[in-house]
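The structure appears below as structure tokens.
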Amino acid sequence: MFRSLFNRKKANSVPEVAGLTIGRSVTIDPIELKLLGVDTLLEPPQTGFMICAQGHCDLGEQSHLHRFYTDDDRYLLQIQGGDGYEDDRVDEIMLWYAYDVQYPSRDADWNDLRTRQRQSRFDLQAETSSVAFKRAWFGHSDMVEDPMTYWEDVRETRDSAAPSRIFQTAMLFGRGLSDGRDEMLLVNLEEPEDGERSASFLIGRVLPRHALIT
């Protein structure tokens, strides 16, 4: 009994998940990127990334979200699964591309985005026209639905004791592409405790685990 107590390892403040953590490099398998449909809005990355910050969200019901922020701030890797300490389960890996980021200064503009988030369809303004996405969360309903809200703790070093905290308000939308796969749109409103609020429009694609080269 005492041997097991003294030999317990203290968990790092920032976990390692699927080989990813702050200071590690990662490359997306080029073959996976070649499979992107011609109608995708996701701009494929050209090189590998260095992980320069890491976020963690406890979604409740033993569901955890880990976000890996890269040195190319247009891209975000996200893993949903275990807590990264004792439970290293990986349920889903997604690559996100920041298609657009806005910084609404007027409350009217901010509230308009919150209203659009709740609809069953979201029209994203592209270069020459708008692209329609259907709501993926609450997809069975055509009624207005409240978005998901949660806090994200973000650290920039592995031993960082006090994270930056960001309140997130998010809704997920999707559409089918010509390659038969789904392209996701995350409309994410971010309110840092000590920073400027922003609205991110992230284009995402599910990745198989073998597509991550660490």
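Every number in this text was worked out from the coordinates using simple rules, so none of it is lab data. Everything numeric in this text was worked out from a predicted model, so none of it was measured. Every residue, glycine as well, gets a Cβ built from its backbone with ideal geometry; the counts of neighbours run over all protein chains shown.
Modelled spin labels at Ser178 and Arg121, positioned 7 Å past Cα toward Cβ, are 2.2 nm from each other. With neighbour counts taken as other beta-carbon atoms within 10 Å, the residues Trp110, Trp137 rank, fewest first, as Trp137, Trp110. From least to most packed, judged by other beta carbons within 10 angstrom and beginning with the fewest, Met143, Met50, Met94 follow the order Met143, Met50, Met94. Each helix, a run of at least 4 DSSP H residues, gives -39500 (n - 2.57); summed and divided by the residues of the chain, these come to -2500 deg cm²/dmol at 222 nm. To the nearest ten degrees, helix 107-117 and the longest principal axis of the Cα atoms of the chain are 90 degrees apart. Sort out the exposed loop GluC sites (Glu not before Pro) in the chain (DSSP loop, at most 14 other Cβ within 10 Å) and tell me the longest stretch that has none. The reported range is 1-60.
Here r is the Cβ-Cβ distance between Ser160 and Trp137 and R0 is 25 Å; the resulting FRET efficiency, rounded to 0.05, is 0.20. With θ set to phi - 60° and the Karplus curve 6.51 cos²θ - 1.76 cosθ + 1.60, what are the ³J(HN,Hα) couplings of the stretch 84-96 in order, to the nearest whole Hz, using x for Gly and Pro? Per-residue couplings from phi come out as x, 10, 8, 10, 9, 4, 10, 8, 7, 10, 10, 9, 10 Hz. Of Trp96, Trp151, the sequence from fewest to most neighbouring Cβ atoms within 10 angstrom is Trp151, Trp96. Among Leu77, Leu124, Leu35, the largest mean-square fluctuation in a Gaussian network model of the chain (Cα springs under 10 Å) belongs to Leu35. Pairwise Cα separations in the stretch 73-193 fall into 10 Å bins from 0 onward with the following percentages, short to long: 11, 36, 37, 15, 2.
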